[in-house]
Amino acid sequence: MSEQRPKMCVLTTTPLVVHFFLKPHLRELARHFDVVLSCNFLSDPYLPQLDLPVVEVSVSLERRIVPWRDLLALFELFQLFRRERFDIVVTVVPKAGLLGMFVAWTLRVPRRVHIFQGEVWVSRRGPVRWLLKWADGLTARLATHVLAVSSSERNFLEREGVVSLNKAQVLGEGSICGVDTAKFRADPSARAKVRVKLGIPDDAVICIYLGRLTTDKGILDLAQAFARVAANRSELWLLLVGPDEERMNSRLCELVPEQFQSRMVIRGFTEKPEEFLAASDFLCLPSYREGFGMVILEAAAVGIPAIGTRIHGITDAIEEGRTGRLVSVGDVEALTEALTQCCEQPGERRRFGAAAQKRVTSLFEQKIVVDRYVEYFRSLCGR
């Protein structure tokens with residue numbers, strides 16, 4: 001590694017986070033820093049190679065709380081940070097934030113940045129919620145700088161006392177990485193190809209969910225709402241695309257009557273999410289917690305509107321009544337009504353989609369967003 005350039009560690013839990021959010025940052029950061037990317041490279045084996053111009057160091061981080069693995073990861077991070085003597089450490093996601101900021105603080109790394117991108121404890125109750133919230137608060141205190149990916153998330157963290165007033169910063173209009181509008185765009189050929197491949201009629205109205213299949217994302221609410229609407233709207237299809245991390249397939253089929261299951265298509269991880277979005281008519285993200293809802297911006301770039309829950313993060317991504325609709329979290333009745341309206345009002349879908357596309361192009365182009373992050377890190381290091 002060059003001795004002239006600052007040494008940076010970017011720490012997260014798994015390659016999936018890097019694949020979805022951090023690849024453009026790391027390519028650009030490598031032009032200005034000597035970058036070490038650290039995560040558990042043994043997880044998410046279905047992913048393609050990251051192929052990034054950085055040094056990769058695997059550590060024993062898990063998404064879940066696994067005490068002995070977490071202690072091992074802590075020891076490995078101490079070894080890594082002591083050996084490399086980083087000028088700046090950047091952490092993303094809660095587990096990496098807590099362990100990474102603790103080790104960096106202990107070893108007196110001068111610049112310690114944590115990026116809040118959605119809080120696990122929001123959908124928890126009781127002692128578990130308290131513990132996870134306390135951990136996020138400790139992470140924020142150990143960090144020298146804190147970033148939030150949306151204004152509503154920053155305000156939420158401040159109200160909850162997780163981050164002290166004015167410590168958290170939002171860069172520009174927010175989001176973690178923006179949208180590559182050259183990749184995510186309306187594509188009639190992809191629309192036709194995907195529909196033929198999946199056996200979905202050309203005149204069907206496709207509601208797509210794109211992301212990890214987990215209960216926190218409101219997938220079970222969506223399945224219930226789909227089952228209700230499908231009974232009256234034969235044109236509605238539900239397309240679920242993403243890694244099934246909680247073995248949701250059987251639970252989803254339990255919620256959707258057998259006669260409608262042929263119109264519920266479940267696919268795993270895809271390297272071409274833009275094609276599935278281009279094949280769809282609107283997106284639904286009925287999440288219980290979110291930092292920003294990046295997939296909403298990706299759908300917008302393709303020209304389709306979104307239904308989301310009225311929670312921090314999603315309210316930054318959807319302008320209600322202009323680029324999509326918002327419903328209360330966990331409200332299956334309201335979600336059912338929103339799905340029905342999207343089926344019945346194609347003109348409104350097109351208007352919302354056009355407005356969403358215009359908004360994402362002007363505010364969330366990937367290069368603009370990524371450049372903001374890179375310049376922020378460079379300024380911290382006096383570059």
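Quick note: the coordinates plus some simple rules give every number you see, no bench work behind them. Fair warning: this is a prediction, and the values are worked out from it, not measured in the lab. Here the Cβ positions follow ideal geometry from the backbone for every residue, glycine too, while neighbour counts run over all protein chains shown.
Assorted remarks:
- Whole-Hz couplings from phi, Karplus 6.51/-1.76/1.60, listed for segment 224-234; x for Gly and Pro: 5, 5, 4, 4, 5, 6, 4, 5, 10, 10, 5
- Stokes-Einstein, applied to the Kirkwood radius of segment 84-142 over Cα pairs at a viscosity of 0.692 mPa s and 37 °C, places its translational diffusion at 278 µm² s⁻¹.
- Computed helical MRE - 222 nm, the chain, DSSP H runs ≥ 4 contributing -39500 (n - 2.57), nearest 500: -12500 deg cm²/dmol
- The stretch between ARG350 and ASP331 holds 4.3 nm of extra length on full extension. This uses 0.36 nm per residue minus the Cα-Cα distance.
- Globularity ratio of the chain, using Cα Rg and 2.2 N^0.38 Å: 0.99
- From the C-alpha gyration tensor of segment 188-363, square roots of 5λ in Å: 21, 18, 16
- Using a simple spin-label model with pseudo-atoms 7 Å out from Cα toward Cβ, ASN166 and TRP134 lie 3.0 nm apart.
- Modelled FRET efficiency - R0 51 Å, ARG125 with ALA182, Cβ distances, 0.05 increments: 0.75
- Amide hydrogen neighbours beyond the local backbone of ILE208, cut-off 5 Å, H modeled: LEU239, ASP281, PHE282, LEU283, CYS284
- When the chain is treated as a Gaussian network with alpha carbon springs shorter than 10 Å, the biggest mean-square fluctuation among ASN40, ASN166, ASN155 belongs to ASN166.
- Radius ratio Rg over Rh of segment 25-169, counting only Cα atoms, Kirkwood formula for Rh: 0.96
- ³J(HN,Hα) computed for each position of segment 55-61 - Karplus, 6.51 cos²θ - 1.76 cosθ + 1.60, integer Hz, glycine/proline x: 7, 9, 10, 7, 10, 8, 6
- Surface/4 of the Cα convex hull for segment 193-271, nm²: 5.0
- Mean separation of Cα contacts under 8 Å, 6 or more apart, over the residue count of the chain: relative contact order %: 15
- The radius of gyration of the Cα set in segment 126-215, together with its Dmax, comes out at 20.2, 54 angstrom.
- The distance separating the Cα centre of segment 166-193 from that of segment 237-274 comes to 24 Å.
- Shown here for segment 82-113: trypsin sites (Lys or Arg not before Pro) in loop regions (DSSP other than H, G, I, E, B) with at most 12 other Cβ atoms within 10 Å, namely ARG85, ARG108.
- Length-normalised contact order of segment 188-363 in % [C-alpha pairs under 8 Å, at least 6 apart]: 24
- FRET efficiency for LEU50 and ARG5, using Cβ-Cβ distance with R0 set to 25 Å, rounded to 0.05: 0.75
- Mean sequence separation of contacting Cα pairs (under 8 Å, at least six apart), scaled by the length of segment 28-173, corresponds to a relative contact order of 15 percent.
- Of the trypsin sites (Lys or Arg not before Pro) in segment 312-366, the ones in a loop by DSSP (not H, G, I, E or B) with at most 14 other beta carbons within 10 Å are ARG322.
- Cα-Cα pairs of segment 295-383 separated by more than 20 Å (percent): 43
- Length gained when the stretch ARG27-ASP202 is fully extended (0.36 nm per residue, less Cα-Cα span): 59.1 nm
- By the rule of a C-alpha distance below 27 Å, with chain neighbours fewer than 8 residues away ignored, the lysines paired with LYS167 are LYS7, LYS23, LYS95, LYS133, LYS367.
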